[in-house]
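Below is one structure; the comments refer to it alone.
The values are calculated or read from the model by the stated rules, or taken from the named source; none is laboratory data. Since the structure is predicted, the reported quantities are computational estimates derived from the model, not experimental observations. Here the Cβ positions follow ideal geometry from the backbone for every residue, glycine too, while neighbour counts run over all protein chains shown. Each accessible area value is taken on the protein alone, full model and side chains, heavy atoms only, with ligands, DNA and RNA left out. Shrake-Rupley method; radii C 1.70, N 1.55, O 1.52, S 1.80 Å.
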Amino acid sequence: MGLTRILYSFEWLVSSRYLRSRRKQSFISIISLISVGGVAIGIATVILVISVMNGFEQSLKDKFLINQAHVNVRSTKGYFNNYQEQIDKIEGIAGVVSASPVIYSQLAIQPKRSKRIEGTIYIKGIDPILENDVTGFSGFVDGSFDFHDSALLEDVRHRSSQRETIKGGIVLGSSVASRLDINRGDVLRLISKMEPNPANPSTFFADVSNFVVIGLYESGMFAYDNAFGFISLEIAQDLYNQKNHINLIQVRTTTPEIASTIANKIRREIKFSNSGLYSVPRTSTWVESHAALFEAIQLEKLVTVIIEALIILVASFNIASTLIMMVMEKTREIGILRSMGSSKMKILIIFVLQGCIIGFLGIVLGSALGIGICVLLALEVVRPSRWFALLIFVPIFLQVAIALHQTIRRSRSLKFAISLLWLGIIAFVLYCLVQPIQINSEVYQLNRLAVKIDWFFVGVINFSSFFICLLATLYPAWQASKLNPVEALRYE
């Protein structure tokens, strides 16, 4: 009832009529359009930027949570034994889905055909079945992950010389393989340690083990694909001389959000035994592992909101200046209204409504533009070429729209159709121009720019923008209500 009363009130009639200025007042109308555009651009920008940052953050979280455990448990003594009993205890904690043993270290690598060490990577000794329950390991392997009986492994063993012992199979990160030009079936040497030469103390013997690349690991996260290799848990224990020992237990929880709670429970309830002594384990969660990154993203989002709020504030100054010029232009009309019995409150409401209309139009257009661009960035469909839209389609339809506008510009019944035609042209241009953006996975860890609209934030920014626009109307509206009708009509 309140909204209906406003729409049919005297104040609404006058304020909306003032916005539809005649030719001699077209300058004020242009300023009003600029004010609407300023609010719209500010809101569209903040929605777009925050949605992109939300999408980036969510995509990183999804990637991290797929590729790594929610909680990592380590012994304070480095390695610990009797790990299966401890894994059973951890899996008995409410909220824990599964746990897997890992032996984890950094080793030097050397392709068979290379005569020098080509760098280091992290090698994880895993049980493929248990690892799959925690990190979804098998879903990212192109090839086999049977570290002992792979067909490629057997083939290379048959072709190898007796002097070259094949230790087992390895699943290598796809980016590591690409960087070293390694394919499945190639032999990769892992150097676990350097031992001094008894005959010549100034030289060292390398402890070299040969592995056959039986699969490539491609998770989509460059940080993982360019730094990891996976071998059998038993082979890793033998490689590090740590038989029946591990140095890491990976834990998956029912939801990532309870990782910190589960870590606290593990520290409180689980004790690891080492040489008859019991120690509290060290735990780390996926949140702690990437805390700096997510804190940086949150800080960037806060700075972005502040900057975009300043843009909307500048647009609100345009609204204030528009209303001030409108008050100066409409001094005679205000004097007539006051002399006919309109109260100061009615005059104030007229100009407040006028500013609110400008702000509301800007908010609606900005929200539609921002949300529309976000949807188009996330929409993966085949679209016409950008050049087709700019050089062929748009000029033709612009000519049609201009011709129709010139022909029927005096026909009010067809103005709505012309407006829809213009909106259609703009929508088609945006549809062709705004397409999913491919990004450098080596830098951003993602292949495509992701977008996630936060509808609560959209509501908050719209409400805040409208409140700013409302505040911008108060001073000029108050000045208009203070006009003395005698002074306003003295020279008329």
With the structure loaded, tell me whether residue 136 is at positive phi and of a type outside the set (Lys, Arg) or whether it fails that test.
yes
Within the set of pairs 6 or more residues apart or between chains, which connect a residue that is within 13 Å of residue 172 (Cα to Cα) and without any contact (Cβ under 8 Å) to a residue 60 or more places away in the chain inside region 107-123 to a residue that is surrounded by 14 or more Cβ atoms within 10 Å (Cβ to Cβ) and not acidic (Asp, Glu) with Cβ atoms less than 7 Å apart?
120/107; 120/108; 120/109
Of (1) open to solvent by less than 70 Å² (accessible area, probe 1.4 Å); (2) among the aliphatic types (A, V, I, L, M); (3) farther than 30 Å from residue 359 by Cβ, residue 327 satisfies every one except (3)
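The rows are residues; the columns are (1) small (Gly, Ala, Ser); (2) crowded, with 18+ Cβ neighbours inside 10 Å.
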{"site": "74", "(1), (2)": "no, yes"}
{"site": "79", "(1), (2)": "no, no"}
{"site": "91", "(1), (2)": "no, no"}
{"site": "102", "(1), (2)": "no, yes"}
{"site": "110", "(1), (2)": "no, yes"}
{"site": "116", "(1), (2)": "no, no"}
{"site": "157", "(1), (2)": "no, no"}
{"site": "169", "(1), (2)": "yes, yes"}
When region 305-324 is checked residue by residue, the ones that are surrounded by 17 or more Cβ atoms within 10 Å (Cβ to Cβ) and either polar (S, T, N, Q) or under 14 Å from residue 467 (Cα atoms) (or both) are 312, 315, 316, 318, 319, 320, 322
Exactly one condition in (1) open to solvent by less than 50 Å² (accessible area, probe 1.4 Å); (2) not in a helix (DSSP H, G or I) is not met by residue 341; state its number.
(1)
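It is to be established whether one or more residues within region 56-66 are under 18 Å from residue 100 (Cα atoms), out of contact with any Gly (no Cβ under 7 Å at 6 or more places or on another chain) and not in a strand (DSSP E or B).
Going residue by residue through region 56-66, those that are under 18 Å from residue 100 (Cα atoms) are 64-66.
Among the residues that remain, those that are also out of contact with any Gly (no Cβ under 7 Å at 6 or more places or on another chain) are: 64-65.
Pick out the ones that are also not in a strand (DSSP E or B) and you get 64-65.
There is at least one residue in region 56-66 that is under 18 Å from residue 100 (Cα atoms), out of contact with any Gly (no Cβ under 7 Å at 6 or more places or on another chain) and not in a strand (DSSP E or B).
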Residues that are of a type outside the set (S, T, N, Q), modelled with pLDDT of 75 or more, touching an Asp or Glu at 6+ places or on another chain (Cβ under 9 Å) and more than 30 Å from residue 60 (Cα to Cα), drawn from region 192-233:
212
Under 21 Å from the mean Cα position of the chain (by Cα), free of Cβ contacts under 8 Å to residues at least 12 places away in the same chain and either closer than 30 Å to residue 471 by Cα or surrounded by 16 or more Cβ atoms within 10 Å (Cβ to Cβ) (or both): does that describe residue 302?
yes
Need at least 3 residues that are of a type outside the set (A, V, I, L, M, F, W, C) and under 30 Å from residue 171 (Cβ atoms) per element, so show me which strands (runs of 3 or more DSSP E) inside region 222-315 make the cut, counting only ones lying wholly within it.
248-253, 282-285
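Taking the condition in a helix (DSSP H, G or I) and over 27 Å from residue 51 (Cα atoms), does residue 327 pass? Show your work before the answer.
Working: in a helix (DSSP H, G or I): yes; over 27 Å from residue 51 (Cα atoms): yes.
Taking the combined requirement at face value, the residue satisfies it.
Matching residues to (1) of a type in the set (Ser, Thr, Tyr); (2) touching a strand residue (DSSP E or B) at 6+ places or on another chain (Cβ under 8 Å):
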{"residue": "75", "(1), (2)": "yes, yes"}
{"residue": "79", "(1), (2)": "yes, yes"}
{"residue": "103", "(1), (2)": "no, yes"}
{"residue": "132", "(1), (2)": "no, no"}
{"residue": "136", "(1), (2)": "no, no"}
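Tell me, yes or no, whether region 264-273 has at least one residue that is open to solvent by less than 40 Å² (accessible area, probe 1.4 Å) and at pLDDT 80 or above.
Of all residues in region 264-273, those open to solvent by less than 40 Å² (accessible area, probe 1.4 Å) come to 266, 270, 272-273.
Now drop any that are not at pLDDT 80 or above, which leaves 266.
Yes.
Select from region 439-464 the residues that are part of a helix (DSSP H, G or I) and at pLDDT below 85 and write down the one among them that is least open to solvent (accessible area, probe 1.4 Å). Outline the logic, then answer.
In the first step, residues of region 439-464 are kept if they are part of a helix (DSSP H, G or I); the result is 441-444, 455-464.
If we keep only those that are at pLDDT below 85 too, we end up with 441-444.
Numbers: 441: 33, 442: 111, 443: 93, 444: 112 Å².
For region 439-464, the residue satisfying everything is 441.
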Quickly run through region 469-483 and pick out the residues that are within 27 Å of residue 42 (Cα to Cα) and either crowded, with 18+ Cβ neighbours inside 10 Å or of a type in the set (Ser, Thr, Tyr) (or both).
469, 472, 473, 475, 476, 477
